[in-house]
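**Student:** Handing you a structure now.
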Amino acid sequence: MPCPRCLCLQITGIQFLESRELGGKPLGIERFAQRLVFWRTTDGQPHVHPDRCPHLGAALSRAKICADRLTCPFHGIAFDAEVSAFTFRR
Ligand code: FES
């Protein structure tokens, strides 16, 4: 989980972007040859994950945020902030 203030990854201490750059939509960036998606839950907490859906590889930076879940634009799998739980869109 990135630092809410500067969006650096706390393990590495590397700042990926300014907090003000991250609004209410997922934001995809590339750093160190890795595509990442940053997004916020409704409590304002930023999250970062690989910008690749584990189902069939769609860019999660094109996802919508629904009920604090990142919803893949291809088949609607919704990922929570931990990208551990998911549900299918009905
Ligand atoms: S590619 Fe994301 S749900 Fe299928």
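**Student:** Which of the residues spanning segment 60-76 are near the ligand (Cβ under 9 Å from one of its atoms) and part of a loop (DSSP other than H, G, I, E, B)?
**Tutor:** A63, C72, P73, F74, H75, G76
**Student:** A63: touching a Ser or Thr at 6+ places or on another chain (Cβ under 9 Å), modelled with pLDDT of 95 or more and crowded, with 17+ Cβ neighbours inside 10 Å, yes or no?
**Tutor:** So A63 fits the description; yes.
**Student:** Since V37 meets every condition but one in (1) at pLDDT below 85; (2) in contact with a strand residue (DSSP E or B) (Cβ under 7 Å, 6 or more places away or on another chain); (3) at negative phi, which condition does it not meet?
**Tutor:** (1)
**Student:** Among (1) at pLDDT 90 or above; (2) within 10 Å of the ligand (Cβ to nearest atom), where does F88 come up short?
**Tutor:** (1)
The values are calculated or read from the model by the stated rules, or taken from the named source; none is laboratory data. Not measured: the values here are computed from a predicted model. Cβ coordinates were reconstructed from backbone atoms using ideal geometry, including for glycine residues, and neighbour counts include every protein chain displayed.
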